[in-house]
1. Give the number of residues within the stretch 117-138 that are surrounded by 15 or more Cβ atoms within 10 Å (Cβ to Cβ) and outside any strand (DSSP E or B).
2. Does the stretch 94-109 hold any residues that are in a helix (DSSP H, G or I) and either surrounded by 24 or more Cβ atoms within 10 Å (Cβ to Cβ) or in the same structural domain as residue 186 (by TED's automatic domain parsing) (or both), and which are they?
3. From (1) part of a helix (DSSP H, G or I); (2) surrounded by fewer than 16 Cβ atoms within 10 Å (Cβ to Cβ); (3) in the same structural domain as residue 218 (by TED's automatic domain parsing), pick out the condition that doesn't hold for residue 114.
4. Can you report the number of residues in the stretch 170-193 which are surrounded by fewer than 20 Cβ atoms within 10 Å (Cβ to Cβ), under 18 Å from residue 158 (Cβ atoms) and either in contact with a strand residue (DSSP E or B) (Cβ under 7 Å, 6 or more places away or on another chain) or modelled with pLDDT of 95 or more (or both)?
5. For the stretch 220-237, indicate whether the set of residues that are part of a strand (DSSP E or B), without any contact (Cβ under 8 Å) to a residue 60 or more places away in the chain and surrounded by 13 or more Cβ atoms within 10 Å (Cβ to Cβ) is non-empty.
6. Taking only the stretch 248-278 into account, find how many residues are buried (at least 23 other Cβ atoms within 10 Å of the Cβ) and not in a helix (DSSP H, G or I).
7. Collect the residues in the stretch 110-131 that are under 18 Å from residue 9 (Cβ atoms) and within 14 Å of the chain's Cα centre (by Cα), keeping them in residue-number order.
8. Please go through the stretch 5-48 and give me each residue that is touching a residue at least 40 places away in the same chain (Cβ under 8 Å) and within 15 Å of residue 91 (Cβ to Cβ), ordered by number.
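The values are calculated or read from the model by the stated rules, or taken from the named source; none is laboratory data. Keep in mind the model is a prediction, meaning the values are calculated, not measured. Note that each Cβ is placed from the backbone with ideal geometry, even for glycine, and that neighbours are counted across all protein chains shown.
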């Protein structure tokens, strides 16, 4: 792959996440040729493509054939088989979190990418946002942490919520654990090490969970997640306690800059052959932990 030619990326998905984040970033990224859009609703694909000056595809395999990489903004269990198909064709993958809601499906994506040599990046926002990504690297390098306390309280399903994402069937079915749990785990694992023990308790009827984790470093962590918090209580944060005192995750602003950085990371991984730490195998590990916390 030439380092000077634009990277041809197609978008799979036409919902709010695709419209607000993926399509604008792909259209504006200087290293990308935004090849086209495919969606399960052809009329939505046509509208999104027209807005961003690209082409709508009715045949997903035709879009896969015309691209170097595919970006996914689909429900996880729609994403996984299409991602595996794209990887088998040798296409690089910009995946959304979670990769899938079953370990088998996430493993299929990972193994397909490894067989073909396709690069992959899982878009866990905090690992790429300009305010949080350096903080995560710094705390991982510093070490000496013995306790982490995390919470991610959203009001997506609270009374009166006007969020576009409240109508998402997969979020309603799988709840906070699967929607925001990957964000929390994507910070805890690089900072505290591999999870060696995990227990979970249900905290609300909309899929909220409270997790207790032990890590290979010897540290312990707790994480509380909900999508039904009252709007005034909505907040996300992670605090670390250890030899050097206390450290709090910085706030971050939106996902656009983070996705731009994730595209940069995918281009680098594809051109160098060096896997990114937040690749499909990391996404598989997140899925394994989420499935352990949600055995039903």
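1. Qualifying residue count, the stretch 117-138: 12.
2. 106, 109
3. (3)
4. The number of residues fulfilling the criteria is 0.
5. no
6. 1
7. Within the stretch 110-131, 120, 121, 122, 123, 128 qualify.
8. The answer is 7, 8, 9, 10, 11, 12, 26, 32.
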